[in-house]
1. At a 10 Å Cβ-Cβ cut-off, how would you order Glu13, Glu337, fewest neighbours first?
2. Over segment 1-195, calculate the relative contact order: mean separation of alpha carbon pairs under 8 Å at least 6 apart, over the residue count, as a percent.
3. If neighbour count is taken as other Cβ atoms inside 10 Å, put Phe321, Phe312 in order from fewest to most.
4. If we restrict to alpha carbons, what Rg and Dmax does segment 1-195 come to, in Å?
5. Here are some pairs, Lys110/Lys354; Lys69/Lys205; Lys136/Lys205; Lys110/Lys341; Lys102/Lys340; Lys265/Lys353; which of them have Cα atoms lying more than 24 Å apart in this structure?
6. Can you run phi through the Karplus equation (6.51, -1.76, 1.60; θ = phi - 60°) for segment 91-105 and list ³J(HN,Hα) in whole Hz, with x for Gly and Pro?
Amino acid sequence: MSGGLQNAANIPELRRRTVFTLLMLAVYRVGVQIPTPGINGQALAEFFAKQGGTLFGMFNMFSGGALQKFSIFSLGIMPYISASIIFQLLTVVIPQLETLSKEGEAGRHKITQYTRYATVGLSVIQALFISIGLEKMTAPGGQMIVIDPGWGFRLMTVFTLTSGTAFIMWLGEQMTERGIGNGISLIIFAGIVARMPSAIANTFKMMSAGQISFIFLPILVAMMAAVIGIVIYFETAQRRIPIQYAKRVVGRRMYGGQRSHLPLKINMSGVIPPIFASSIMMFPATIGTFIRVDWVQRAASYLQWGTPLHTFLYVVLIVFFCFFYTAVTFNPTDVAENLKKHGGFVPGIRPGKKTAEFIDRIMVRLTVIGAIYISVVCVLPQILISRYNVPFYFGGTALLIVVGVALDTIAQMESHLVMRNYEGFLKTGKIKGRR
């Protein structure tokens with residue numbers, strides 16, 4: 001891998017793309033530090049210190065700490081991700097969108113345009129509700145978070161946060177087109193990784209205070225390395241179904257007869273299931289923050305982060321969304337029909353309906369394994385944190401995003417090197433499962 005990175009540094013275009021990506025990420029991190037006017041920063045920091053298990057804590061993680069500072073990038077890229085997921089799901093439900101998705105580049109460009117409009121609309125709604133909610137919130141000491149409540153503050157907040165999200169969306173698209181690629185994912189990656197120094201400092205503070213013994217630190221590091229290794233293995237693992245193409249004669253030439261494979265990932269749904277499950281499970285704690293009613297507080301305490309009921313429902317939702325999202329995004333019937341049109345078939349399986357049933361049966365088994373894997377990765381750190389007070393920072397959704405984006409970024413660099421025939425890089429550093 002080191003030899004491959006050295007080769008990558010010697011390619012002018014790839015070097016320019018890497019520098020451009022780093023500059024765009026630097027611009028993003030600078031924007032995270034610019035606060036929105038009208039906010040008492042100290043009171044807001046005290047408020048967010050108590051919000052680790054609510055939706056505020058989750059959005060703060062994905063925004064790289066921007067929501068905690070209530071910066072101009074407080075909404076982060078989450079509205080764009082939500083809009084993208086919504087349109088991805090609507091493509092299966094609405095025939096017009098399904099037709100657009102099959103029209104090639106022009107259709108995808110149209111859907112992307114609709115996604116941008118939806119992102120702005122979601123940003124306006126979220127910014128308005130956040131501004132109204134902040135006006136009613138106080139710090140633990142009773143200090144108001146908003147300095148001058150009213151429609152002036154609300155409109156200014158809506159305009160500022162919506163503009164910030166639109167700018168981040170533009171940054172991500174620029175990084176995708178002119179940078180290494182995966183701009184949106186890299187923005188989330190940068191936001192999560194940016195909090196790593198503070199997490200390390202917090203770990204050393206806990207060691208100084210005697211909450212963590214020095215002997216336990218190597219065990220913690222080994223545990224984190226093992227979990228990261230497991231995530232890398234499962235994220236790159238594939239089930240390859242052999243495909244044989246029939247021979248056909250066109251004129252005096254014979255075509256076909258090649259052998260190939262159909263790669264099916266174990267984790268076909270990616271990080272969508274834990275994100276959706278976390279959002280739903282954090283609603284009770286968030287509602288309990290606003291509504292001070294006895295039965296609401298009791299329900300929120302039963303579903304508090306780390307409780308057995310919360311863990312059980314969290315796993316159930318992860319499994320459900322794994323199957324749901326895989327069923328929405330992967331259609332075995334379409335795959336089987338495409339293979340049949342191009343003269344391909346699975347050896348020993350009849351083309352058409354039987355092939356679709358065979359692929360669907362394999363996909364169900366892979367989804368079961370993937371759901372168990374995601375559940376363990378997301379729940380194990382939660383148990384370690386809640387039961388044993390372990391500062392397991394890279395856990396759950398954040399870990400999946402960090403490792404997945406890192407693998408995709410390396411794959412993007414590999415693709416640039418392949419186009420320039422740097423075979424030495426591929427021999428020493430190629431990622432398993434990305435051939």
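Every number in this text was worked out from the coordinates using simple rules, so none of it is lab data. In this text the structure is predicted, and so the values were computed from the model without any measurement. Cβ coordinates were reconstructed from backbone atoms using ideal geometry, including for glycine residues, and neighbour counts include every protein chain displayed.
1. The order, fewest Cβ neighbours first, is Glu13, Glu337.
2. Dividing the mean separation by the residue count of segment 1-195 yields 30 percent.
3. Least crowded to most crowded, the residues run Phe312, Phe321.
4. When restricted to the Cα atoms of segment 1-195, Rg and Dmax are 19.0, 59 Å.
5. Correct reply: Lys110/Lys354; Lys136/Lys205; Lys110/Lys341.
6. 4, 7, 8, 8, x, 4, 5, 5, 5, 4, 5, 9, 8, x, 5
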